[in-house]
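Student: The structure that follows is given in the form of structure tokens.
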Amino acid sequence: MKHRLDHLVLCVHDLNAARALYERLGFTTTPPAEHPFGTGNSLIQLDGNFLELLAVIAPDKIPPPKTGDFGFAARARAFLESREGMALLALDSTDARRDLAAFQAAGLTTYAPIDFSRGTTLPDGSAATVSFSLAVTTVANMPEAAFFVCQQHEPENFWRREYQQHENGATRVGEVIMAAPAPQTVAGFLERMSGGEVTSEPGQVTITLGQDRISVLGPARFAKRFPGTPFDPDTPIFAGFHLLVADLAASEARLRQGGIAIKGEPGRPWIGPEDTHGVIIELGTESS
């Protein structure tokens, strides 16, 4: 089954500081929410996918390691011990347990399914509940990256048009960008995990998921696309994402208004990880 991009988990040390920064970037953020296992989040809802700013807010609530469990919060805490940035990629799901079985049939490493609920604040200030089921998979040669599918059980309480309006004109994430010493070594896993179509060329692997894609860039491709940004991962990492906007010139103007440093060539601007809590944000339009 071919999945699409659902959300990107961006791990940060300070949730309030990250919310303030992303609001300065021109995003609308949702009110903070707390998970039952020690992490908290704030979301940036887009058209069909979203960004999740995630921080450890109650370390005493993080469950101890248990055989067969992924340990979502413990994974986030361990990631933050080395850096901020994107730690996990979620793909969409209408049946997480069916997708878990598909992962297993494909020979992928899997864990016990994760089911949880949390409170949410609707735009009118009222409270509601949202619930999710996750199925996680990892692979040994990508220890800094994890993947999962996310099934929503109350989407009517989650998706809100008011939260999807952004001053920077953001519409959706169209591409997740990875950096890897040898991109071809992860192509097989990404194909089996996502159900996407693989295109391989020297120094780059692309997984096409309908209108979305995952691009894995080797050192030369990464340096050409994001010159001046350090490339030093020993293993594949999530480096950033390509954000689609309605009007590129208007989005650039809004970012400059917020005092954000913009890099890149005309028509393909990007923001460096030093200004975004650890991820590259590249801007583009559907036609670019």
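Student: I want the antiparallel fraction of DSSP beta bridges within the stretch 5-164, as a percent rounded to 5.
Tutor: In the stretch 5-164, DSSP labels about 75 percent of beta bridges as antiparallel.
Student: Using alpha-carbon positions, what is the distance between the centroids of the stretch 149-220 and the stretch 1-61, in Å?
Tutor: For the stretch 149-220 versus the stretch 1-61, the Cα centre distance is 17 Å.
Student: In 5 Å bins starting at 0, how do the alpha-carbon pair distances of the stretch 170-284 split up by percent?
Tutor: Reading upward from the zero bin: 2, 12, 21, 23, 19, 13, 7, 3, 0.
Student: Pairs of Cα atoms under 8 Å, at least six residues apart: use those to get the relative contact order of the stretch 5-164, whole percent.
Tutor: Once divided by the residue count of the stretch 5-164, the mean separation gives 24 percent.
Student: Next up: May I ask which residue of G71, V12, I44 lies farthest towards the positive end of the charge dipole of the stretch 1-76, with charges of +1 (Lys, Arg) and -1 (Asp, Glu) on Cβ and the Cα centre as origin?
Tutor: G71
Student: Here is a follow-up. Kirkwood-based Rg over Rh for the stretch 82-143 (C-alpha set), two decimals?
Tutor: Taking Rh as the inverse mean 1/r over Cα pairs, Rg/Rh reads 1.08.
Student: Note down the relative contact order for the stretch 170-284 as a percent, whole number, built from C-alpha pairs under 8 angstrom at least six residues apart.
Tutor: Averaging sequence separation for qualifying contacts and normalising by length gives 28 percent for the stretch 170-284.
Student: If amide H atoms are built 1.01 Å from N in the plane of the peptide, which residues on other chains or at least 5 residues away come under 5 Å of the amide H of T28?
Tutor: Residues meeting the criterion, in which the H sits 1.01 Å from N, are E167.
Student: Next up: Relative contact order of the chain, please, whole-number percent, based on alpha carbon pairs below 8 angstrom and at least 6 residues apart.
Tutor: Over the chain, the number comes to 19 percent.
Student: Could I ask something else about it? By what distance, in whole Å, do the Cα atoms of the stretch 1-148 stretch along each of the three principal axes, largest value first?
Tutor: 43, 32, 26 Å, listed from the longest principal axis down.
Student: What list of ³J(HN,Hα) values in whole Hz, one per residue of the stretch 223-239 in order, does the Karplus curve 6.51 cos²θ - 1.76 cosθ + 1.60 (θ = phi - 60°) give from phi, with Gly and Pro shown as x?
Tutor: Result, ordered by residue: 5, 5, 7, 10, x, x, 8, x, 10, 9, x, 7, 10, x, 9, 7, 9 Hz.
Student: Radius of gyration and Dmax for the chain's Cα atoms, expressed in Å?
Tutor: 18.0, 52
Student: Which aspartates and glutamates, if any, have their Cα less than 13 Å from the Cα of K61, not counting same-chain residues under 8 positions apart?
Tutor: E34
Student: With n ≥ 4 as the cut-off for DSSP H runs, can you work out [θ] at 222 nm for the chain, using -39500 (n - 2.57) per run divided by the number of residues, rounded to the nearest 500?
Tutor: Per the formula, -5500 deg cm²/dmol.
Student: Here's another thing I want to ask about it. Just the Cα atoms of the stretch 183-226: what Rg and Dmax do they give in Å?
Tutor: 10.3, 29
Student: Another question about this same structure. In the stretch 25-116, what trypsin sites (Lys or Arg not before Pro) fall in a loop by DSSP, with at most 11 other Cβ atoms inside 10 Å?
Tutor: Within the stretch 25-116, the qualifying trypsin sites (Lys or Arg not before Pro) (loop, at most 11 other Cβ atoms within 10 Å) are K66.
Student: Across the stretch 60-71, in residue order, what do the Karplus-derived ³J(HN,Hα) couplings come to in whole Hz, using 6.51 cos²θ - 1.76 cosθ + 1.60 with θ = phi - 60° and x for Gly and Pro?
Tutor: Going residue by residue, I get 5, 8, 5, x, x, x, 9, 4, x, 9, 6, x Hz, with x marking Gly and Pro.
Student: If amide hydrogens are placed 1.01 Å from N in the peptide plane, which non-local residues have theirs closer than 5 Å to the one on Q204?
Tutor: Here G218 satisfy the definition.
Every number in this text was worked out from the coordinates using simple rules, so none of it is lab data. Predicted model only: the values in this text are computed from it and were never measured. Please note: Cβ atoms are built from the backbone with ideal geometry, for glycine as well, and neighbour counts cover all protein chains shown.
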